[in-house]
Structure formats: C-alpha cells, structure tokens
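Trainee: Handing you a structure now.
Taken together, the values in this text are just the output of simple stated rules run on the coordinates, not laboratory data. Here the structure is a predicted model, which means the values were calculated and not measured. Cβ coordinates were reconstructed from backbone atoms using ideal geometry, including for glycine residues, and neighbour counts include every protein chain displayed.
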Ligand code: SAH
Ligand code: F3S
C-alpha cells in the first residue's frame, strides 16, 4: 500500500477534461495532482481556445496532448512517466501529434525533460501558460519549446477559464498562487514560486459570472488560502514595504470570504487549503456569519508531534493545533474537519507516531489524506535529513493511521443518520442510475433516489443509513 485516500475525489487519478466550442484543432488535456492543477488546466484550455483548439477526450485524435503534472511525491511523477509511454505508443499511429508537459514536474525538471523523454516537445511551468501561443509556434516550426519562468505577479486573474468539469454545478476559483511556507518536505514552493494573491474584484467577477451561468457551489483555491492578502498586487512577502494606504485598504481572507458570500448568498462557498498557522478567528467568524459558507475545513496537520512539526518547519505546535481545533468547535460547533498526515518523516519515533494517533483520537477527523514520506530532491529535508525510516515501518505506521481514520470516518458518518441535511446534487450515483449523488455542506457524499429532482438542485435529504463514507437517504419536502 503506497497511500490511501478516504474520499470520493481521489487524488492520483487523472482527470481528462473536455469542453466543446467551434474550433477545429483538437486538444487532449489531462490533470494529475491537486485541485489547483485542475483549475490551471481550465485556464490553459481558455488560452488555447483562442488559438483554435477544441478539447477532446479521445487521445488518438488529438493534435496536441498536454499533461498537467504533479511532483508532490515520487509516485506522482512515476505515474506521469508511465503516461508519457502511452502517448509514445499513440504517436506511432499519429506522428503529427505534439506533446507538452505542464505544471510542477515541468518546473522541477525544466529542459532536462526534453532530454529524458523524447516524446516531449514542450515544457511549460505553472506561471508561463500565457506564453503557450508563442511556444506552440516554436513547436509547429519543429523546434522544442521551454518556458519555466516563475512570476511575481501572474495570477491569471484576467482569464475566464473554460469550465471542463464540475457538471455545471461546482467550480474552482483560484485566489492565490505559490507558497511562502517552506515546509521542509514540500516541493511546491520550488515548483509554484512565491505567494501572490489575486485582485478581489477579479475574483468577484468570476464568481458572479459562475452564478449567472447557474453554478451552485464554488471552491476558493490556494496552497494556503488563509494567507490571502490583496494590497494592490505584488508578493505577500513584500507587504511590509507597502504604503500606509495600501496597508489600510488591504483585503485579507476573512474579508474576501465575507465579500464573496455576501455577493452570492445562494451559492455555496468552500475553500481549500487552510494552513493552521495562518487560520485566524476572523475567518471562523466569517464562516459562522454566512449560512452559505460550508461548515467544513481541510486543516492538514502532518504530524501530532511537536518535535516532528518543528523538523517539518510547520509554524505551530501540537498544542497550538489543538487550541485551533477547540476554537473551531467553539465558533462553529458542527464544523467538519479533514486532515493531511505524513507518516515516516525522517527521525520519526514510535512515540512521535503515537502522538499522531492520539491527536487523531482527539479530533476524530471526518476524513483524511494520508501519505508515506517521499523525499523530494532539493527540499530542505532532502538536503539535511536522512530518509531513515525503513519502508516496512512507514507502511505499518500508515496502515495504523489509515485504519484509525476509517473508524473515525465511520463514526462521523453514522452521526448523520436520522438527520435531515441539505444536499447539492452533482451527478448520477456511480453505483445506480436511479440515484443522485451530491454532497452535504460537511463535504460528505449523500446518495438518494432521483424522483423528479435534477442536477444542481439543493434538496433536503433525510439520512436513513450509511456506509463508512457515504450517506444513504431520501429527499423530503422542506416543510417536513
Ligand atoms: N498547501 C497545499 C499542500 C500541498 S501538498 C494544499 O493546497 O493542499 C498536499 C499534501 O501532500 C500535504 O499536506 C502533505 O500532507 C503531502 N505531502 C507534501 N509533500 C510530501 C512529501 N514529500 N511526502 C509525502 N507527502 C507529502
Ligand atoms: Fe507545501 Fe507547506 Fe506550502 S505543504 S504547499 S510548503 S504550506
């Protein structure tokens, strides 16, 4: 077992994206890794639509194949390498097909990619997508093309993404790019650059446009959303040098949430990811104030041991994390909480591991994403710490963590049985064409008979039963 994820939205699975317009050239674009990659692919599709490309789900008919890549763990990179082999096989029958690599692997490997993988014609980092038209010209002229320049400003705030997923009901809206945190295990600050925030006006324009098109739910996206800060542009780290006026009129995340929730009171608002060190009480108050902000927080902890947290350069202790959890429960008593945990970080002892388990016992997370530590080249942990926990120990600890999370997920899910909860219908259930599948505000999946409801409806569902991760129920009238 390499890693296990308890959630419907599986990571590590590619999302092949498709949307149609009047264009003739065919783009096959797939995304690996985080939601930000998925959202970026929608920006790329928008840029390429202007270049005459229409997306397709059929790899064999593509003129251009783009793969948006993830570097977060070694396994994620291996998955992409395997995909490139597949493209290679297809290219034998379609020699004109061009292949571009986008995202974090492009940024990490740069032009080395062209040497290592002969199939690749183009390497484009996460801040260089606006250069795609020029890069494509190079490729069409038979030359390799590379742009991996990271930016201090680029937020793609002026691009209206082509919506490729979400069934016309849910959409991602990115609000920050990059990360300044430098967790010692993490490759993201190297592949996505320094943190910058997007103009709240452009965020609002995008949200209003989505509402007009009938979208019912948005997720505000960033590596560290609580760190959002708009003071007229520029890097987060340069805020200290901003003018007094800029400081006085700056918008933080709590204010942004308030603005978005007020502008679209009938739209559900979610956000991801929160970093414990940056989450303020004001954010919790914004959540409590607006019914349409979902009572759900993804709050990665990584480890329950203060010593390991320090080695990871997470800027909080176990006690501070617990204090934050208590604060969440005080302000939003029914708030659902999920985690990310890394097991087998260098020097992790059995005692450290038990502290992680005991922290989990305390919080009883609704669900979580749990990983074995994977050393990433160039990170501080790779440079300074030996990857010294044997694989079998990492695996055993991961199994213990995953098993405990399964119990907690079942406990949380069971607590909803007998309750009537609002569910946003997203799609047909995977298991039955007679049932809809949607999510509660707590991000729990709920399945119920279709009756006369349709995708995009907000329905009150009486929960009658559950599996470990899914609620089973029936729709009821609002009056009930
Ligand atoms: N702030 C980001 C975190 C990105 S990475 C966000 O938006 O989600 C997502 C998760 O991957 C991290 O929280 C961490 O648990 C895990 N991760 C990151 N680097 C890792 C590594 N080197 N090995 C194993 N897991 C890692
Ligand atoms: Fe990575 Fe830590 Fe930022 S996990 S994305 S460096 S908050």
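Trainee: As an exercise, find the ratio Rg/Rh for segment 420-476 from alpha-carbon atoms, using the Kirkwood inverse-distance average for Rh.
Mentor: Across segment 420-476, the Cα-based Rg/Rh ratio is 0.90.
Trainee: Expected output is a single nm value to one decimal: the length gained when fully extending between residue 247 and residue 420, i.e. 0.36 nm times separation in residues minus the C-alpha distance. What is it?
Mentor: Result for the pair: 57.8 nm of gain on full extension.
Trainee: Quick one: length gained pulling residue 201 to residue 351 fully straight, 0.36 nm per residue minus the C-alpha distance?
Mentor: 49.2 nm
Trainee: Continuing with this model, one more query. Viscosity 1.567 mPa s, temperature 4 °C: Stokes-Einstein D of segment 117-254 from its Kirkwood Cα radius, in µm² per second?
Mentor: 77
Trainee: Debye calculation, C-alpha points only, no solvent: report log10 I(q)/I(0) for segment 89-139 at q = 0.13, 0.21, 0.22, 0.31 Å⁻¹, in the same order as the q values.
Mentor: -0.31, -0.76, -0.82, -1.20
Trainee: Just the number, please: percent antiparallel of the DSSP beta bridges in segment 165-294, rounded to the nearest 5.
Mentor: Once the DSSP bridges in segment 165-294 are tallied, antiparallel ones form about 30 percent.
Trainee: How big is Rg to Rh over segment 52-125, alpha-carbon atoms, Rh as the Kirkwood inverse-mean-distance radius?
Mentor: Dividing the radius of gyration by the Kirkwood radius yields 0.95.
Trainee: Here is a further query. Taking the Cα atoms of segment 339-479, what is the range of coordinates along each of the three principal axes, in descending order and whole Å?
Mentor: 60, 30, 22
Trainee: Go through 130-137, 419-426, 193-200 and give me the packing order, highest mean Cβ count within 10 Å leading.
Mentor: 193-200, 419-426, 130-137
Trainee: Quote the Stokes-Einstein diffusion coefficient, in whole µm² s⁻¹, for segment 330-415, based on the Kirkwood radius over alpha carbon pairs, a temperature of 4 °C and a viscosity of 1.567 mPa s.
Mentor: 92
Trainee: Moving on. Largest first and in whole Å, what are the equivalent-ellipsoid semi-axes of segment 3-147 based on the Cα gyration tensor, each being the root of 5 times an eigenvalue?
Mentor: Those come to 22, 18, 15 Å.
Trainee: Output the antiparallel fraction of DSSP beta bridges having both residues in the chain, as a percent to the nearest 5.
Mentor: If I count the DSSP bridges inside the chain, around 40 percent turn out antiparallel.
Trainee: State, as an integer percentage, the relative contact order of the chain based on alpha-carbon contacts under 8 Å between residues 6 or more apart.
Mentor: 11 percent.
Trainee: Once you place label points 7 Å from the Cα toward the Cβ at residue 322 and residue 110, how far apart are they in nm?
Mentor: Result: 4.6 nm between the two label points.
Trainee: Taking the Cα of residue 151, stepping 7 Å toward and past its beta carbon, and measuring to each backbone N in segment 47-62: which are under 18 Å?
Mentor: Answer for this model: 47-51.
Trainee: Over the alpha-carbon set of the chain, work out the extent along each principal axis and list the three values in angstrom, largest first.
Mentor: Extents along the principal axes, in whole Å: 63, 57, 53.
Trainee: Under 14 Å from a label point 7 Å along Cα→Cβ of residue 137: give me every residue in segment 21-60 with its amide N that close.
Mentor: Within reach of a label on residue 137, which here means backbone N under 14 Å from a point 7 Å along Cα→Cβ, segment 21-60 contributes 51.
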